[in-house]
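This report refers to the structure that appears directly beneath it.
The values are calculated or read from the model by the stated rules, or taken from the named source; none is laboratory data. The model shown is predicted, which means the values in this text are computed figures rather than measured ones. Don't worry about glycine lacking a Cβ; one is built from the backbone with ideal geometry, like all the others, and counts go over all protein chains shown. SASA here: full protein model, heavy atoms, side chains in, ligands and nucleic acids out. Shrake-Rupley method; radii C 1.70, N 1.55, O 1.52, S 1.80 Å.
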Amino acid sequence: MAEDAGNGTVVGSVAASDPDTVGSLQGWTITAGNDGNLFEINATTGEVTVAGGIDREAASSYDITVRATSTDSSFTTRTFTISVTDVNDNAPVIDAAQSFSVSEDAANTFSLGTVTASDVDSGTTLSGWTITGGNTDGIFAIDSASGELSVVDNTNLDFDTTSSYTLSVTVSDGTNTSAVETITIDVTDVSLAITAGQSFSVSETAPNGTSVGTVATTGDDPVSFTIAGGNTGSAFAIDTSGLITIADESAIDYETLTGYTLTIEATDGTTIVSETVTISVIDENESAVGPVTDADGAADSVAEDAGIGASVGITATATDPDGTDTVTYSLTNDAGGLFTIDSGTGVVTVNAALDAELATSPVIRI
């Protein structure tokens with residue numbers, strides 16, 4: 001029988017027989033097991049009916065003892081089991097005083113844990129979890145099927161602004177909805193810190209105002225930043241957001257300094273923290289090759305009968321301040337093809353027959 005059966009619902013009829021030819025059955029009674037007088041039996045027919053108050057959550061079955069009496073005063077008794085089938089007639093109950101915690105720097109999708117509830121009705125499935133109040137700024141969400149709490153918008157998750165949230169939640173079993181229950185979420189403070197191991201790079205030809213990179217921090221939002229050391233030539237500046245920019249482009253020269261290690265300080269108004277960041281300078285081919293000179297610096301001459309390939313005595317030399325390029329040599333004015341220069345070594349040699357009477361001092365340019 002169902003637990004919601006109304007009064008008068010027939011549970012069943014008890015049958016009995018009397019082998020004696022004298023007398024007849026009469027006087028059906030329930031003699032035991034009918035605590036609370038939940039059942040009645042018809043004294044004449046033996047029909048058992050509900051008298052009220054059946055609750056499967058109180059008992060899933062009842063054992064009643066029935067007595068049948070004959071007109072000759074003989075009687076018999078027997079115990080019968082009445083099973084009660086469950087009906088979804090109770091709302092689920094969310095466990096009280098549940099609490100969770102979350103760090104103020106928690107990322108979106110971070111799971112805080114799962115809200116728990118129970119339902120005394122058998123075979124029900126809890127679903128439809130809902131946050132009905134207290135979710136300031138929409139920071140949290142609850143999975144409608146499982147009750148798992150998570151962070152969905154950490155923009156305003158800040159211990160210094162709100163250190164605790166009290167959320168109102170409900171859940172359904174598909175038929176009945178629970179009463180509203182509150183859960184507590186405590187926000188834990190994270191101390192201000194500058195992320196270690198940060199590095200940036202910048203071209204040696206970058207102009208003033210060029211963005212180098214932004215210093216990352218964790219915990220409390222910093223109020224201000226300062227470059228406390230390593231800023232050779234005051235090459236860099238940092239603003240209140242932690243953005244490093246070029247302040248003096250003339251101070252940045254790969255050939256002078258290939259990198260900087262800056263000591264950065266940040267403060268939240270109470271605490272000051274510091275960390276080093278590195279800035280690598282990228283070399284650029286921004287310098288012209290230095291002046292071409294003769295290696296020995298002396299005046300040179302060559303006999304008019306010198307053969308082709310003879311050294312003139314001139315070895316050109318030049319340097320590149322960048323130090324990364326290969327210097328090659330060529331003649332831009334070769335005196336009519338009389339001379340040639342080795343592109344790698346800078347050595348000038350005779351390239352054709354010479355005649356002093358035709359040109360005593362030919363001019364070449366390297």
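Extending 7 Å from Cα along the Cβ direction at T76 and again at A335 yields two label points whose distance is 14.7 nm.
Length gained on full extension, T195 to T116: 24.7 nm, using 0.36 nm per residue less the C-alpha separation.
Summing Lys and Arg as +1 and Asp and Glu as -1 over all other residues whose Cβ lies under 15 Å from the Cβ of T65 gives a net charge of -1. Ordered by solvent-accessible area of protein heavy atoms (1.4 Å probe), largest first, the residues E204, E275 come out as E275, E204. Here's how it looks for L192: its modeled amide H is under 5 Å from those of D220, which are all 5 or more places away or on a different chain.
Compute the signed sum of charges (Lys and Arg +1, Asp and Glu -1) over the other residues within less than 12 Å, Cβ to Cβ, of F236. Provide the component values of the computation, followed by the final result.
Values: positive: none; negative: D239, D248, E249.
Computed value for this residue: -3.
Extent along the principal axes, Cα only, for the chain: 172, 51, 22 Å, with the longest axis given first.
In the complete set of protein chains, residue-level accessible area for V120 is approximately 100 Å², probe 1.4 angstrom.
Computed from backbone phi, the HN-Hα couplings of the range 133-145 come to x, x, 8, 4, 6, x, 5, 10, 9, 10, 5, 4, 8 Hz, rounded to whole numbers (Karplus: 6.51 cos²θ - 1.76 cosθ + 1.60, θ = phi - 60°; Gly and Pro given as x).
Here the Karplus relation 6.51 cos²θ - 1.76 cosθ + 1.60, evaluated at θ = phi - 60°, turns the backbone of the range 41-56 into coupling constants of 10, 6, 4, 9, 9, x, 6, 9, 10, 7, 9, x, x, 6, 8, 5 Hz, with x for every Gly and Pro. Protein heavy-atom accessible surface, 1.4 Å probe, per residue over the chain: 53 Å². The apolar share of the surface of the range 63-166, taken as the fraction of accessible area on carbon and sulfur atoms (1.4 Å probe, ligands and nucleic acids excluded), comes to 47 percent. Applying 1/(1 + (r/R0)^6) with R0 = 51 Å to the Cβ-Cβ distance of L257 and V180 gives a FRET efficiency near 0.20. With a 1.4 Å probe rolled over the protein heavy atoms of all chains, the accessible area of E57, E249 falls in the order E249, E57, largest first. The heavy atoms of S234 present about 80 square angstrom of accessible area, all protein chains included, probe 1.4 Å. Other residues with beta-carbon under 10 Å from the beta-carbon of S224 carry, at +1 per Lys or Arg and -1 per Asp or Glu, a net charge of -3.
Once the C-beta distance of S60 and L243 is scaled by a Förster radius of 56 Å, the resulting FRET efficiency is 0.20 to the nearest 0.05.
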